[in-house]
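Novice: Just passing along the structure, written as structure tokens.
The values are calculated or read from the model by the stated rules, or taken from the named source; none is laboratory data. Everything numeric here is computed off the predicted structure, so don't read it as measured data. Cβ coordinates were reconstructed from backbone atoms using ideal geometry, including for glycine residues, and neighbour counts include every protein chain displayed.
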Amino acid sequence: MLSSIVRGAAAGAAGTTALHAATYLDMTLRGRPSSSTPQQTIDKLSETTDTSIPGDKDTQENRKSGLGALLGMVTGTTVGVGYGALHGCGWRPPMLVGATVATVSAMVGSSAPMTVLGVTDPRSWSASDWLSDVLPHLAYGLVTAATYGLMENGRSRKPRLNRKLRGKNKNMARALPR
């Protein structure tokens, strides 16, 4: 189970990289600014927990920007951990089903806290807002599921080969590189 969770964390990190790449590509192509919701979330969390962010105004804004980005990375990696845990429990969906589950999980994992904190309300989003959210999360889901699948497939082939060979010819199995 632990190895499934570790593979899930790595797959989630790869998916997060794909999400960021898709987001920055969208910003480049459409000339749109970055979202302010991660920083607004940090503001709300700071208010809710009665915790101040140290530094002058510019330093605080820089810290909020960094913390907002880190929250996104934590969310992506955590969704990957959940994906790996499901696999560790025996869940083996087709790649596109796994990608869809990862996509929706990442969208909920990022939007639900912001909605609860009153930072955003998906019910009021425009089609452009939804596109800006769905496409990067779709990249996340596809890369997370594909990366996990590649790591799982690569892991399961070699041990079977070695066990099979050990049973037939122990000398031959010892000669194989590990």
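Novice: Any residue in the stretch 46-57 that's within 17 Å of residue 119 (Cβ to Cβ): show its pairings with residues that are at pLDDT 90 or above and of a type in the set (S, T, N, Q) at Cβ separation under 6 Å, as long as the two are six or more apart or on different chains.
Specialist: From residues that are within 17 Å of residue 119 (Cβ to Cβ), the pairs are 53/46; 53/60.
Novice: Follow-up question, since we're still on this one. Go through the stretch 20-32 residue by residue and tally those that are under 17 Å from residue 65 (Cα atoms) and within 18 Å of the chain's Cα centre (by Cα).
Specialist: 3
Novice: If you don't mind, there's one more thing I want to ask. Scan the stretch 24-36 and report the pairs whose first residue is under 20 Å from residue 61 (Cβ atoms) and whose second residue is loosely packed, with under 13 Cβ neighbours inside 10 Å, with Cβ atoms within less than 8 Å and a gap of 6+ or a chain change.
Specialist: Taking only residues 6 or more apart or on different chains, the pairs are 27/33.
Novice: Turning to a different aspect of this structure: Among the residues that make up the stretch 108-128, is at least one of them polar (S, T, N, Q), farther than 25 Å from residue 39 by Cβ and out of contact with any strand residue (DSSP E or B) (no Cβ under 7 Å at 6 or more places or on another chain)? Explain how you work it out, then say what you get.
Specialist: Just the residues of the stretch 108-128 that are polar (S, T, N, Q), to begin with: 110-111, 115, 120, 124, 126, 128.
From what is left, the residues that are farther than 25 Å from residue 39 by Cβ are none.
Taking every residue of the stretch 108-128 in turn, none turns out to be polar (S, T, N, Q), farther than 25 Å from residue 39 by Cβ and out of contact with any strand residue (DSSP E or B) (no Cβ under 7 Å at 6 or more places or on another chain).
Novice: Being surrounded by fewer than 17 Cβ atoms within 10 Å (Cβ to Cβ) and in contact with a helix residue (DSSP H, G or I) (Cβ under 7 Å, 6 or more places away or on another chain) is true for just one of 18, 69, 14. Which residue is that?
Specialist: 69
Novice: Examine the stretch 52-64 for a residue that is surrounded by fewer than 19 Cβ atoms within 10 Å (Cβ to Cβ) and in contact with a Gly (Cβ under 7 Å, 6 or more places away or on another chain), and state whether such a residue exists.
Specialist: Filtering the stretch 52-64 for residues surrounded by fewer than 19 Cβ atoms within 10 Å (Cβ to Cβ) gives 52-63.
From what's left, in contact with a Gly (Cβ under 7 Å, 6 or more places away or on another chain): 63.
Within the stretch 52-64, one or more residues are surrounded by fewer than 19 Cβ atoms within 10 Å (Cβ to Cβ) and in contact with a Gly (Cβ under 7 Å, 6 or more places away or on another chain).
Novice: Among the residues of the stretch 33-56, which ones are farther than 12 Å from residue 67 by Cα and in a helix (DSSP H, G or I)?
Specialist: 44, 47, 48, listed by residue number.
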